[in-house]
Amino acid sequence: MTLIDTLRDRRQKLAKLIDFPAILWSGKSTPRNFAANTFPFRASSHFLYFAGLNLENAAIRLENGNLELFMDDPPSSNTLWHGEIPKREEIAERIGADSVYPFAKLRQSIYKSATLPVQNIVTRQQQDKWLQRKASLEGVDLKLASAIAQLRLIHDKGAIAEIKQAANVTVKAHLAGIEATKSAKTEAEVRSAMEQVILAHNMTCAYSSIVTVRGEVLHNNHYDNKLSAGDLLLADVGAETTNGWASDVTRTWAVSGKFSPTQKDIYDVVLAAHDACIAAIAPDVEYQEIHLLAASIIAQGLVNLGILRGNPEDLVAMDAHALFFPHGVGHLLGLDVHDMEDLGDVAGYEAGRKRSDRFGLCYLRLNRPLRPKMVVTIEPGFYQVPAILNNSETRTKYKDVVNWQQLDNFADVRGIRIEDDVLVTAQGSEVLTAQLSTNINEFAS
Ligand code: GLY
Ligand code: MN
Ligand code: MN
């Protein structure tokens, strides 16, 4: 299938789900420090899904399967700074648009259209002004959000091929990171070795890389720590293809190449949860059950190590597992690393379901039955987060179920996560990042 066929198929499917026109803005790049020095432009994912190309300051109007493209040709002075850029007619032909107009004409075509709010604030203001209402996830916009989520949840061939490309490059980046650790002195050096692989494939990072010996800081985006022989290094790094499709992978390895006995004990608990969750993936399985499976295996593992006391079922019911595994077991993956999170829980949660306020469930980003061609991550972890474990209320609430003295023996384990990208298939699942081993004996060499 060519790009044009894929895009046509997507908009025809959308036409079956909605009976009103939809307008999707691509957005604008955001200045870093002065207007001409901008962050790299990345179009809104909903726009990319139907338009296929990373076009700045453009919009598409979709109605009954037709595609209208709205964008301006750059002024001729632009050539000096940016070279020759294809004319809008040429771009329209590439994406199979039925017609193409200057951007300003969009304002006259906006009547009774639904839209989705973009992240770029300047474009967002334009959306509200031109629509003469707030673009929000309500009313007709919510109907559009639900329809697009329904499509993007189940990946087509074009999407799966892209995610596989991102996954393959991500695997290579992690192998480069493991190799670089043998001589690197700092987190920054390992990060650069990993991102170098991604850049060399003309891809970008799908999110800010996490490469840290302080894995307990869940979204740690600092790279200034030195590497010491006893440290574990947690690397959560994923490539995004040129067309915008993501991957999201974490491995945790020993800086020295060798895990200490306590590090290995905890790694094995996380790995047992990871493997069991992947084995449980199949159509119709509830993703929340997979999360709870991870929680109970982690609880059981920590009981076996003498860190928790009690039976795993009761421990999970009182969220004791979440002291050490405070996030969800994973999320949707697609054009966004947390796919469609801009729609709140519209994509992640089955209609009628709401986030739990339980500590052990409130960060679960996906609560739906799995369906073939969904792609999800599986990423259990273990962390010693001081803000959780040193909190006096927590200490009181869990005083009978945590053996704090025994926990002290595991002080050399700050954070471990093992994360893979998994395609749900008719029979079960395919791990798209399976080429990257989770066996610690293969990290050491
Ligand atoms: N890389 C962010 C996450 O794993 O969800
Ligand atoms: Mn993830
Ligand atoms: Mn990740």
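The values are calculated or read from the model by the stated rules, or taken from the named source; none is laboratory data. None of the values given here were measured: they were computed from a predicted structure. Positions of Cβ are generated from backbone atoms using ideal geometry, with glycine treated the same way; all protein chains shown enter the neighbour counts. Quick note on the areas: whole protein, heavy atoms, side chains included, nothing else; ligands and nucleic acids left out. Shrake-Rupley method; radii C 1.70, N 1.55, O 1.52, S 1.80 Å.
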Asp72: passes all of (1) in a strand (DSSP E or B); (2) open to solvent by 60 Å² or more (accessible area, probe 1.4 Å) but (1)
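Conditions (1) within 16 Å of ligand 2 (Cβ to nearest atom); (2) β-branched (Val, Ile, Thr); (3) open to solvent by less than 10 Å² (accessible area, probe 1.4 Å), marked per residue:
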{"residue": "Gly330", "(1), (2), (3)": "yes, no, yes"}
{"residue": "Val346", "(1), (2), (3)": "no, yes, no"}
{"residue": "Lys354", "(1), (2), (3)": "no, no, no"}
{"residue": "Phe359", "(1), (2), (3)": "no, no, no"}
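How do the helices (runs of 4 or more DSSP H) wholly within region 327-445 filter down when requiring 2 or more residues that are under 30 Å from Ala180 (Cβ atoms): which remain?
Of the helices (runs of 4 or more DSSP H) lying wholly inside region 327-445, those with at least 2 residues that are under 30 Å from Ala180 (Cβ atoms) span 440-443.
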Sort out which residues of region 25-45 are without any contact (Cβ under 8 Å) to a residue 24 or more places away in the chain and more than 15 Å from Thr242 (Cα to Cα), and write them in order of number.
Pro31, Arg32, Asn33, Phe34, Ala35, Ala36, Asn37, Thr38, Phe39
With the condition kept exactly as written, say whether any residue in region 313-323 is in contact (Cβ under 8 Å) with a residue 12 or more places away in the chain, of a type outside the set (Ser, Thr, Tyr), open to solvent by less than 50 Å² (accessible area, probe 1.4 Å) and within 16 Å of ligand 3 (Cβ to nearest atom).
no
Quick check on my filter: what residues within region 254-278 are surrounded by fewer than 18 Cβ atoms within 10 Å (Cβ to Cβ) and more than 21 Å from the chain's Cα centre (by Cα)?
Ser256, Gly257, Lys258, Ser260, Pro261, Thr262, Lys264, Asp268, Ala272, Ala276
Does Leu292 satisfy the criteria of being part of a helix (DSSP H, G or I), more than 16 Å from ligand 1 (Cβ to nearest atom) and in contact with a helix residue (DSSP H, G or I) (Cβ under 8 Å, 6 or more places away or on another chain)?
yes
Give region 159-210 a look and list any residue that's more than 15 Å from ligand 1 (Cβ to nearest atom), of a type in the set (Gly, Ala, Ser), open to solvent by less than 30 Å² (accessible area, probe 1.4 Å) and over 19 Å from Leu234 (Cβ atoms), or say none.
Ala159
Which residue is farthest from ligand 2 (Cβ to nearest atom), if the candidates are limited to region 237-253 and must be part of a strand (DSSP E or B) and among the small types (Gly, Ala, Ser)?
Ala239
Leu335 being closer than 30 Å to Leu389 by Cα and within 16 Å of ligand 1 (Cβ to nearest atom):
no
Among the residues of region 249-261, write down those that are within 16 Å of ligand 1 (Cβ to nearest atom) and out of contact with any helix residue (DSSP H, G or I) (no Cβ under 8 Å at 6 or more places or on another chain).
Thr250
Within region 211-236, take every residue that is outside any loop (DSSP other than H, G, I, E, B), within 15 Å of ligand 1 (Cβ to nearest atom) and over 22 Å from Met340 (Cβ atoms) and give me the one that is farthest from the chain's Cα centre (by Cα).
Thr212
Boolean, Glu379 is open to solvent by 50 Å² or more (accessible area, probe 1.4 Å) and within 16 Å of ligand 2 (Cβ to nearest atom):
no
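Out of Leu335, Leu305, which single residue is open to solvent by less than 20 Å² (accessible area, probe 1.4 Å), out of contact with any strand residue (DSSP E or B) (no Cβ under 6 Å at 6 or more places or on another chain) and either more than 29 Å from Tyr207 (Cβ to Cβ) or touching a residue at least 40 places away in the same chain (Cβ under 8 Å) (or both)?
Residue meeting the stated conditions: Leu335.
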